[in-house]
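The values are calculated or read from the model by the stated rules, or taken from the named source; none is laboratory data. In this text, all values refer to a predicted model and were calculated from it rather than measured experimentally. Positions of Cβ are generated from backbone atoms using ideal geometry, with glycine treated the same way; all protein chains shown enter the neighbour counts. SASA here: full protein model, heavy atoms, side chains in, ligands and nucleic acids out. Shrake-Rupley method; radii C 1.70, N 1.55, O 1.52, S 1.80 Å.
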Amino acid sequence: MKIIVCVKQVPDTEANIKIGADNKSIVEAGIKFIINPFDEFAIEEAIKIKEAGKAESVIAIGWGPERSQEVLRTAVAMGVDDVVLLKTDAVSIDSYTAAKILAAKIKTMSYDLILTGKETIDDGNMQIGPMLGELLNIPCVTLVTKLDVDGANLSAKREIEGGYEVVETACPAIVTCQKGLNEPRYPSIRGVMLAKKKVVAVEPAAAEADQITVTTMAYPAARSGGKVVGQGAEAVPALVKLLHEEARVL
Amino acid sequence: MLNLVGQIVLVLCILAATGFFAFEVWKRTRLVKTGRRDVIRTDKPMLRLGFVICRVISQLCSIKDRPVVGVMHAFVFWGFVFFAVATINHVAGAFSQGFSLWGHGTFNDLWFLGVDIVAVFCIIGTIYLAVRRFIVKPVAITKPMPISRSPQSAIVLSLIFGLMVTYLLNQGGEIVLKGEAFARWMPVSQAVAPLLAGLSTGALELLNSVMWWAHILMVLVFLVFIPHSKHFHLVAGPVNMFLRSHEPIGTLKKIDFEKTEEFGATTVNQFQWKSIMDFFSCVDCGRCQDVCPAFQSDKALSPKVIMMSLRKHILHESGNLLKGEAPSEPIMEAWIKDDEIWACTTCGACMEACPVCNEHIPTIIEMRRARMMMENKFPQELNPAFKGLETNSNPWNMGSSARAEWAQDLNVPRMAEKQQAEYLWFVGCAGCFDDRGKDISRAFAKILNAAGVDYAILGEEEGCCGDPARRAGNEYLFQMNAEQNVTTMQQYKFKKIVTCCPHGMHILKNEYGQFGGNYEVIHHSQLIAELISAGKLKVESNGTGKITYHDSCYLGRYNHIYNEPRQALQATSKDGLVEMARAKNKSFCCGAGGGRMFMEETAGTRINHIRVQDALNTGAATVGVACPFCKSMFDDGIKEKGLEDKLKVLDIAQIVANSLR
């Protein structure tokens, strides 16, 4: 079995995001970029399948600007066999464009399973997995928290509202990974040293024009402080009233 | 004097025993040499020699932590020294009648007076040590089984006892046979003589001959036995003391990632040669485990077991190693378990207590390094801490842009604005991100501003000092942190660095030099004490009850700073300072060092609970600490034990800031 993992570089979850002067993009200076955390689950799962002797190769494909090479190095350090970066000129592209450039590359490769995150934490569209399935004409299972593969078929446990379901499908298929699937490993230092020397193959991506464009970005409203209702037992009725009527959680 | 046959038998026995002994010593020396050779320990030879002589002759090595046992050990040790000469005479006497190494003057008489007396003390010593080992059975020498093997000690104690008895009986017999004049200076032998007076001359001669042979054969058996037992410390111990480290306890060596692809010790020959020397020197006395916070809280770790298991392991591999081949198996799992190496808090109590100057911490860290960097096997809880250090340069993985948020509403100058200052205040991760640590930073800022100190912080430019990464074996990540900080600090001019965290202080002061960062670094308690004594800080004594002070490992044992924190606290307390039973260099760790702050503590009892109990026993109302990690551990321990109304914990900076006039 051959596995392809799609990974994206995103701003760190703790980064202090500033909106640029154009009000349409973020300021990159001072931002730490990391591997999309959901893609990390995908890499870990692919490596685990390989370690279990069920896959012969794991290839990670990244997309985005030149700096995205770094996350591919992380993937190498974690244990993937090879990487390729589909380099785009634009810093940010929409999901459909991304799915199309990924599909164009993947069509030239042989594979049995594609793994990627359920979403990228920067744009959060949750579209690339399903779109890729459509473009490659293969089944897509989303939000997977447990995965079993046996070469020709896969069985996946996926989150649904209020519970879970277990689904089966034939390979090749695409699976989008959700938290709970595994604990991504910390790359071994030996792996990090190897990855430092790795020459990342960079291919220009044939990206078409975006169909969706960002027109405005804005900060969320500043969080208002908490409210002190009172102290001790006498405050309870007022608190319950507020929770019921204002917060509507009771 | 012996007849020719006797002489030939004796010579053969001596050659066989000494040859065997020499071979075993040679084998161990070669095993030591199979280790890595980055450590150099032959500088200042006279200082080293002086240290060994003073420590060995005084027997302070043994007496300092266990006075009674130590004195008994001293009796046995002195028995050995005196008897060495007696044994030479004994052997030479077989070939030359009446030979004496010291001649036949008064000195020789005095020496044999010494031998006579020492023999009695030596017998007392062996009986005491035997009773202790086989009847009293203290945990230090009997646990954990099966590593401590009592039969070894039984053999050795019997041999020493036998040597004394055979000597005295032989001398007693001689006195009866040859008369009093021979033994003017031998009161004990003289006292033995009457016991033998009833025997016939033939019987006496036989007895003497038997005792003579028994004595010399015991000496030779002892010689053969020594290398195979912990009693090899007779040879290796003093050598190991000579080779001791002159750096602060627990200081770690740099790995040159350009030069090696094998990090840490996966196999036993990847230790530094000095570590292997340590394995052969271990006496199995258990002083280390008596003071080890991990062992005392029922974790899997005992420092002496680490030493003894690795000794067993390297001897087991000696065949391969001496042929220049790789060991047949790795250290971990077969000889040492993960639970052992990850339980270490790197507090240094073991190294402080070790009578033969073993260095347990570097050995444990070498195994962590291999586990972490080569095999990726380490406690999972460290994963987020490492990721945090990598992306945001703090182990809590909070946004690095929020590093100076604690100082927002305070008047704390930045290096970027001032460019130079007398003190660069390296705040550290705990002081920047941990709520309890931030309180310390705010208090210290108040103090610095009140005293008008010329200082500045690095703000967002500061990164983690790297201590948790280095102690947890992630040298690569530590070096990233260290190099970044050195580069940042190069931009600015300052005279000294001051830190609120002993971990940052130690690593900046003693380990950043490996990366070109040579600084004068002081701890905030030192600066506070100095400001108070110079009259720049006006404090008034608060009547808030007695204070006890908890010595942080990295401040105390690592850097010998014991007085300044106490001076600062004394200036603020009307009710005075009370000491815990374990204080100063014998202080008991809070449990957070060595990266333990970021690991789960599931086995045994909690270390911080033990230390909170120590503080509670003093009757003090406040524990003064000098480290943000100690503060967190105490705070948690006090809450978990429900002692909030009896005891509170505050950093020295907080206590002083509260008493500013």
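Listing for the model above:
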| read-out | value |
| --- | --- |
| 20 Å-binned pair-distance histogram of chain B (Cα, whole percent) | 17, 43, 27, 12, 2, 0 |
| R0 of 35 Å, Cβ-Cβ distance B:Asn3-B:Ala191: FRET efficiency to nearest 0.05 | 0.65 |
| Where only C-alpha atoms are counted, convex hull volume of the range A:1-88 per residue in Å³ | 92 Å³ |
| Chains B and A, summed buried accessible surface - 1.4 Å probe, Å², nearest 100 | 1700 Å² |
| List of the range A:1-39 residues, accessible area with partners at least 50 Å² below that of the chain alone (1.4 Å probe) | A:Glu14, A:Lys32 |
| Percent RCO, i.e. relative contact order, over chain B, from Cα pairs under 8 Å lying at least 6 residues apart | 12 percent |
| All Cα pairs of the range B:171-233, percent lying beyond 13 Å | 66 percent |
| Evaluated over the range A:2-204, the Cα radius of gyration and Dmax, each in Å | 16.3, 51 |
| For the range B:413-425, Karplus couplings with θ = phi - 60° (6.51, -1.76, 1.60), whole Hz, Gly/Pro x | x, 9, 4, 4, 7, 7, 6, 9, 7, 5, 10, 8, 8 |
| Kirkwood Rh and Cα Rg combined as Rg over Rh, evaluated for the range B:471-612 | 1.02 |
| The range B:386-658 - accessible surface per residue (Å², probe 1.4 Å) | 35 Å² |
| Accessible area of the range B:268-374 divided out per residue, in Å², using a probe of 1.4 angstrom | 25 Å² |
| Projected-area average for the range B:15-162 over all orientations - Cα convex hull basis, square nanometres | 12.6 nm² |
| Value of Rg to Rh for the protein assembly as shown (Rh from inverse mean 1/r over Cα pairs, i.e. Kirkwood) | 1.08 |
| Low-density loop cleavage sites - trypsin sites (Lys or Arg not before Pro) in the range A:187-250, where at most 13 other Cβ are within 10 Å (DSSP) | A:Arg223, A:Lys227, A:Arg248 |
| Cα-projected label distance for A:Leu243 with B:Leu60, points at 7 Å along beta-carbon direction, nm | 6.6 nm |
| Cβ charges +1 (Lys, Arg) and -1 (Asp, Glu), total dipole of the range B:386-658, debye | 620 debye |
| Signed unit charges on C-beta, dipole axis of the protein assembly as shown, positive-most listed residue A:Gln211, B:Tyr476, B:Gly264 | B:Gly264 |
| Exposed chymotrypsin sites (Phe, Trp or Tyr not before Pro) absent - longest run of chain B, DSSP non-H/G/I/E/B, at most 15 other C-beta within 10 Å | B:103-661 |
| Potential lengthening between B:Lys546 and B:Lys493 on full extension [0.36 nm per residue; Cα-Cα distance subtracted] | 15.0 nm |
| Cut-off under 5 Å, modelled amide H: who pairs with B:Val539 long-range | B:Arg661 |
| Size of electric dipole in the protein assembly as shown: Cβ of Lys, Arg +1 and of Asp, Glu -1, about Cα centre, debye, nearest 20 | 2780 debye |
| Normalised contact order of the range B:386-658, rounded percent, pairs of Cα under 8 Å and 6 or more residues apart | 18 percent |
| Rg and Dmax [Cα atoms of the range A:96-250; Å; Rg one decimal, Dmax integer] | 23.0, 70 |
| Long-range HN-HN contacts of A:Ser188 with modeled amide H, under 5 Å | none |
| Amide N of the range A:181-219 lying under 18 Å from the label point, which is placed 7 angstrom from the Cα of A:Ile121 along Cα→Cβ | A:181-187 |
| Carbon and sulfur %, accessible surface of the range B:268-374 computed with the full protein complex present, 1.4 Å | 51 percent |
| Modelled FRET efficiency - R0 45 Å, B:Glu381 with B:Val224, Cβ distances, 0.05 increments | 0.35 |
| ³J(HN,Hα), Karplus 6.51/-1.76/1.60, whole Hz, each residue of the range B:444-461, x for Gly, Pro | 5, 4, 4, 5, 4, 5, 5, 8, x, 6, 7, 9, 7, 10, 7, x, 5, 6 |
| Backbone HN-Hα couplings from phi across the range B:335-342 [Karplus 6.51/-1.76/1.60, Hz, Gly and Pro as x] | 10, 10, 9, 4, 4, 6, 6, 7 |
| Pairwise FRET efficiency - A:Val228 versus B:Lys584, Cβ, R0 = 51 Å, nearest 0.05 | 0.65 |
| Cα-centre dipole for chain A with unit charges at Cβ (Lys and Arg positive, Asp and Glu negative), debye to 20 | 540 debye |
| Positive dipole terminus of chain B, leading residue within B:Cys122, B:Leu650, B:His313 (C-beta point charges) | B:Cys122 |
| Potential extension, B:Val25-B:Glu520 segment - 0.36 nm per residue separation minus Cα distance | 173.8 nm |
| Under-5 Å amide H pairs with B:Lys648, H placed in peptide plane, nonlocal only | B:Thr622, B:Val623 |
| Share of carbon and sulfur in the accessible heavy-atom surface of the range B:88-186 [1.4 Å probe, %] | 73 percent |
| Loop-located GluC sites (Glu not before Pro) in the range A:135-184, at most 11 other Cβ atoms within 10 Å (DSSP) | A:Glu161 |
| Cα→Cβ-extended label distance, 7 Å offset, between A:Glu51 and B:Asn617, nm | 4.5 nm |
| Charge dipole of chain B about the Cα centre (unit charges at C-beta), most positive-ward option of B:Gln420, B:Met186, B:Asn376 | B:Met186 |
| Two-site label geometry, A:Thr213 and B:Phe99: point separation in nm, points 7 Å out along Cα→Cβ | 10.7 nm |
| Per DSSP, loop GluC sites (Glu not before Pro) in the range B:359-467 with at most 15 further Cβ within 10 Å | B:Glu375, B:Glu381 |
| Cα centroid separation - the range B:318-353 against the range B:461-508, whole Å | 28 Å |
